[in-house]
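Only one structure is covered here, and it is reproduced in the block below.
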Amino acid sequence: MPPSSCSVLRPASDDLLREIESGAFEALSTEELLAWAVKTFHPRIALSCSFGAPEGMALLDMLSRIEPRFRVFTLDTGRIPQATYDLMDRVRDRYDKQIEVLFPAAKAVEAMVQEHGMNLFYESIEKRQLCCRVRKVDPLKRYLSGLDAWISGLRRDQGVTRTAIQKVEIDATHDGIVKLNPLADWKADDVWHYIRTNNVPVNRLHAAGYPSVGCDPCSRAIQAGEDPRAGRWWWENPETKECGIHVGEETEGSGI
Ligand code: SF4
């Protein structure tokens, strides 16, 4: 049975915290969870969609059936490929959807590039995390400060950094707002089955061997048999492969 539509404040109310701790959300189907989330939080909830992964597109399609006015945002780091911009425009047309596009602070990017160069991310983990912080983490923080909840397409089997995620969590990094991971228990095959069954548009780079598409200099195609996360920040160890938007403050870019 779906949890009650309790009175939610920012940060999350005690009622909601108890619901989360009870584990009630884990038993909900993805559609039930999304319907509850929209009913409870809209319009102070938004889907995070990179337009570079099938998970975000599946969620976008599901939400369009539940609440056509649902909000979706994306981070334009300034380094994403043309294929990703093209998919955004396809989504605008197909779903009649305005996309909230977040940009990094120009002054911060200018200062970083002036000091460290255009391709600093290849030089060290610290510099890669700095770039992710300036181009992704900080714009996300600014945006989420105006929401009560957000939705991600994370799945538990995507790598060692994601095995413990819950379907509904308190996001301590972002002022205790609610974070939903409705696909937490989905497998990659489940996502692609949904995409094909519902003819959902996806980034064309998937067909070129990219399991997910992030920034152009930090994403690559993989070979058959390679781990899907091998296509992102391939020069790093699996334990560090997060950009900082899905991790806590303690690992969120050590800065330089
Ligand atoms: S993924 Fe690469 S280019 Fe994009 S913000 Fe992170 S380090 Fe910078």
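The values are calculated or read from the model by the stated rules, or taken from the named source; none is laboratory data. What you see is a predicted model; the values in this text were computed from it and never measured. Positions of Cβ are backbone-derived with ideal geometry, glycine not excepted, and every protein chain shown enters the neighbour counts.
Of note:
- When Leu147, Leu183 are checked against the criterion of being in contact with a Gly (Cβ under 8 Å, 6 or more places away or on another chain) and assigned to a loop (DSSP other than H, G, I, E, B), Leu183 stands alone in meeting it.
- Contacts under 6 angstrom Cβ, first residue in the stretch 212-228 being under 14 Å from Ala83 (Cβ atoms), partner away from the ligand (no atom under 16 Å from the Cβ), 6 or more apart: Ala221/Ala208; Ala221/Gly209
- Residue check for Leu47: touching a Lys or Arg at 6+ places or on another chain (Cβ under 9 Å) and more than 14 Å from the ligand (Cβ to nearest atom): yes
- Selected residue (criterion: nearest to the ligand (Cβ to nearest atom)) from residues of the stretch 194-227 that are closer than 22 Å to Leu183 by Cα, part of a loop (DSSP other than H, G, I, E, B) and among the β-branched types (Val, Ile, Thr): Val213
- Residue, nearest to the chain's Cα centre (by Cα), within the stretch 94-143, restricted to residues that are within 14 Å of the ligand (Cβ to nearest atom), assigned to a helix (DSSP H, G or I) and of a type in the set (Asp, Glu): Asp138
- Failed criterion for Ala164 (all others in (1) exposed (fewer than 14 other Cβ atoms within 10 Å of the Cβ); (2) at pLDDT below 95; (3) within 16 Å of the ligand (Cβ to nearest atom) hold): (3)
- Within the stretch 95-143, restricting attention to residues that are modelled with pLDDT of 95 or more and of a type in the set (Gly, Ala, Ser), the residue that is farthest from Ile80 (Cα to Cα) is Ala111.
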